[in-house]
Amino acid sequence: LVIGTVDAIAYNVMVGCAEMYLGAFVLALGLGPVVAGLVASVPLLVGAVLQLAAPLAVSRVGGRRRFVVLCTLIQAAGLVPLAWWAVAGRAAPWQLLMAASIHWSAGMASAPSWTSWTATLVPPRVRTSYFAQRNRLGQVAVLVAFVAGGLVLRSEAARGEALEGFAVLFLAAAAARLVSSVCLWGCREPRRQWRGREAAR
């Protein structure tokens, strides 16, 4: 349960440092509000469509834990190009759309598998209190990461290096997602109960 809480905190740090500043990053690159709107909306549509293939992907990968960890690693890796483009000071709209689509698709595809998997790890008697506490700490992590990210951007902007501030945020978000991936891999995945029932027949 402690590992799951650390996972939640790390995940929400990623959200506060990266996802909440993606639109601002597009504007900082000078691509305009239309591109910012597309980057904020199109990847969600792509992720929703690709999410339909998640059950097949889980069976191909060999389990919910492997699939979820794979998705989190893809999310972490997908943040690195954003940091690179921030340092370079330029990125094409299609590049941002692709990176954001990969990020959101991986996150949305893993959500159902993570939910069903986690439900088997938390005992029913403590499930309500555990997830309430977990969500509370996660929201605090989002707020802290968001505020800290704003302070980083403000500090770098004062030095005339606003885009480098975004690079710092994206790399911090990638590191947080890697921590999340390690936590998820450290959780067990119970064997399917139906196998036991079949063997007893």
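Would you tally the net charge around ALA8, using a Cβ to Cβ cut-off of less than 10 Å, leaving ALA8 out, and scoring K and R as +1, D and E as -1?
Working: positive: ARG134, ARG136; negative: ASP7.
Once all neighbours under 10 Å are counted, the net charge is +1.
Go ahead and set up a Gaussian network model of the chain, Cα springs under 10 Å, then flag whichever of PRO93, PRO124, PRO43 fluctuates most.
PRO124
Placing +1 on the Cβ of each Lys and Arg and -1 on the Cβ of each Asp and Glu in the stretch 66-201, which of TRP94, VAL147, SER116 has its Cα farthest towards the positive end of the resulting dipole?
SER116
Most fluctuating residue of LEU184, LEU27, LEU44 in a GNM of the chain with Cα springs under 10 Å: which is it?
LEU27
Would you mind getting me the FRET efficiency between VAL144 and VAL2? Use the beta-carbon distance for r and R0 = 22 Å, nearest 0.05. Mind showing how you got there, number by number?
Details: r = 19 Å, r/R0 = 0.87.
Efficiency, rounded to the nearest 0.05: 0.70.
If you average the C-alpha positions of the stretch 137-168 and of the stretch 96-112 separately, how far apart do those two centres end up, in angstrom?
Result: 22 Å between the Cα centres.
Net charge around CYS183, counting only other residues with Cβ within less than 13 Å of its Cβ (Lys, Arg = +1; Asp, Glu = -1)? Walk me through the numbers before you get to the answer.
Details: positive: ARG65, ARG134, ARG177, ARG188; negative: ASP7.
Local charge sum for CYS183: +3.
Carbon and sulfur atoms: what percent of the 1.4 Å accessible area of the stretch 1-94 do they account for? Write down the numbers at each step before the final one.
Values: 3460 of 4660 Å².
The value for the stretch 1-94 is 74 percent carbon and sulfur by accessible area.
Before I look further, what does the chain give for accessible area per residue, probe 1.4 Å, in whole square angstrom? Could the numbers behind the result be given before it?
Details: 11020 Å² over 201 residues.
With all protein chains present, the chain gives 55 Å² per residue.
For the chain, what does -39500 (n - 2.57) per DSSP helix run (n ≥ 4), summed and divided by total residues, give at 222 nm, in deg cm²/dmol to the nearest 500? The partial results should precede the final answer.
Numbers: 9 runs with 169 residues, N = 201.
So the helix-based figure for the chain works out to -28500 deg cm²/dmol.
Under a Cβ-only charge scheme (Lys and Arg +1, Asp and Glu -1), can you give me the dipole magnitude of the chain about the Cα centre, in debye to the nearest 20?
Charge dipole of the chain: 1140 debye, to the nearest 20.
Would you work out which of GLY47, LEU31, TRP85 lies farthest towards the positive end of the dipole of the chain? Charges go on Cβ: Lys and Arg +1, Asp and Glu -1.
Most positive-ward Cα: GLY47.
Rounding to the nearest 10 and keeping the result within 0 to 90°, find how far the Cα-based axis of helix 32-50 lies from the longest principal axis of the chain.
10
In degrees between 0 and 90, to the nearest 10, how far off the longest principal axis of the chain does helix 93-119 point, with axes built from Cα atoms?
30
Highest GNM mean-square fluctuation, the chain, Cα pairs closer than 10 Å: which of PRO81, PRO55, PRO123?
PRO123
Helix 64-88 against the longest principal axis of the chain: what's the angle in degrees, Cα atoms only, rounded to the nearest 10?
The two axes meet at around 10 degrees.
Estimate the FRET efficiency between ALA53 and TRP94 by the formula 1/(1 + (r/R0)^6), using the beta-carbon distance for r and 25 Å for R0, to the nearest 0.05. Let's see the in-between values first.
On the way: r = 23 Å, r/R0 = 0.90.
With a Förster radius of 25 Å, E is 0.65.
The values are calculated or read from the model by the stated rules, or taken from the named source; none is laboratory data. Given the structure is predicted, the values throughout are model-derived calculations rather than measurements. Methodologically, a virtual Cβ is constructed for each residue, glycine included, from the backbone with ideal geometry; neighbour enumeration extends over all protein chains shown. Areas reflect the complete protein model, heavy atoms only, side chains present, ligands, DNA and RNA absent. Shrake-Rupley method; radii C 1.70, N 1.55, O 1.52, S 1.80 Å.
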